[in-house]
1. Provide the gained length on full extension for the span Lys75 to Lys43, in nm with one decimal, where the gain is 0.36 nm per separating residue minus the Cα-Cα distance.
2. What is the gain in length, in nm to one decimal, between Asp102 and Arg66 on full extension, counting 0.36 nm per residue of separation less the C-alpha to C-alpha distance?
3. Below 8 Å between Cα atoms, with a sequence gap of 6+, how large is the relative contact order for the chain in percent?
4. With a 1.4 Å probe and all protein chains left in place, how much of the accessible area of the chain comes from carbon and sulfur atoms, in whole percent?
5. Run the simple label-point estimate for Asn58 and Ser17 please: 7 Å along Cα→C-beta, distance reported in nm.
6. May I have the pair-distance distribution P(r) for the range 58-99, computed from all Cα-Cα distances with 5 Å bins from 0 and rounded to whole percent?
7. Which ³J(HN,Hα) values, rounded to whole Hz and listed in residue order, are derived for the range 71-76 from phi using the Karplus coefficients 6.51, -1.76 and 1.60 in 6.51 cos²θ - 1.76 cosθ + 1.60 with θ = phi - 60°, glycine and proline given as x?
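The values are calculated or read from the model by the stated rules, or taken from the named source; none is laboratory data. Treat the numbers as computed from the prediction; the structure is a model and nothing was measured. Quick reminder, even Gly has a Cβ in these numbers, built from the backbone with ideal geometry, and neighbours come from all protein chains shown. Ligands, DNA and RNA are stripped out before the accessible areas are found, and what is left, the full protein with its side chains, is counted by its heavy atoms. Shrake-Rupley method; radii C 1.70, N 1.55, O 1.52, S 1.80 Å.
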Amino acid sequence: QRQLVESGGGLVQAGGSLRLSCVVSGSIFSISTMGWYRQAPGKQRELVATITSGGSTNYADSVKGRFTISRGSAKNTVYLQMNSLKPEDTAVYYCNVRAVNDYWGQGTLVTVTS
């Protein structure tokens, strides 16, 4: 059974950093893109960052220069390094893997206090 297991969320003060991790358990073939999305209370889920199998990255304008997405050497792990966090970054962050199908993690809560 394929699962995406996220970790690394938590409570942090504005200006602080967190690193999110997502590990894919079980085989997912032909992964094209891995990424992170987030959903704040009362808002729609939005893209944060993606990375393709070839290593190309894409970021939401709101996180450019502050967040960095990367993949582990085993290619079954994706990370999101979040620096200079702001209260508006508060959300549940979801890992996504896009292959033939879309796979989602259960979400990890990031809370940034002012």
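1. Details: separation 32, 0.36 × 32 = 11.52 nm, distance 3.09 nm.
Stretched out fully, the Lys75 to Lys43 stretch lengthens by 8.4 nm.
2. Details: separation 36, 0.36 × 36 = 12.96 nm, distance 2.64 nm.
Result: 10.3 nm gained on full extension.
3. Values: 278 pairs, mean separation 41.7, N = 114.
Across the chain, relative contact order equals 37 percent.
4. Details: 2820 of 6040 Å².
So the carbon and sulfur contribution to the accessible surface is 47 percent.
5. 2.7 nm
6. The calculated distribution, bin by bin, is 5, 17, 29, 26, 14, 7, 2.
7. Result, ordered by residue: 10, x, 5, 7, 6, 9 Hz.
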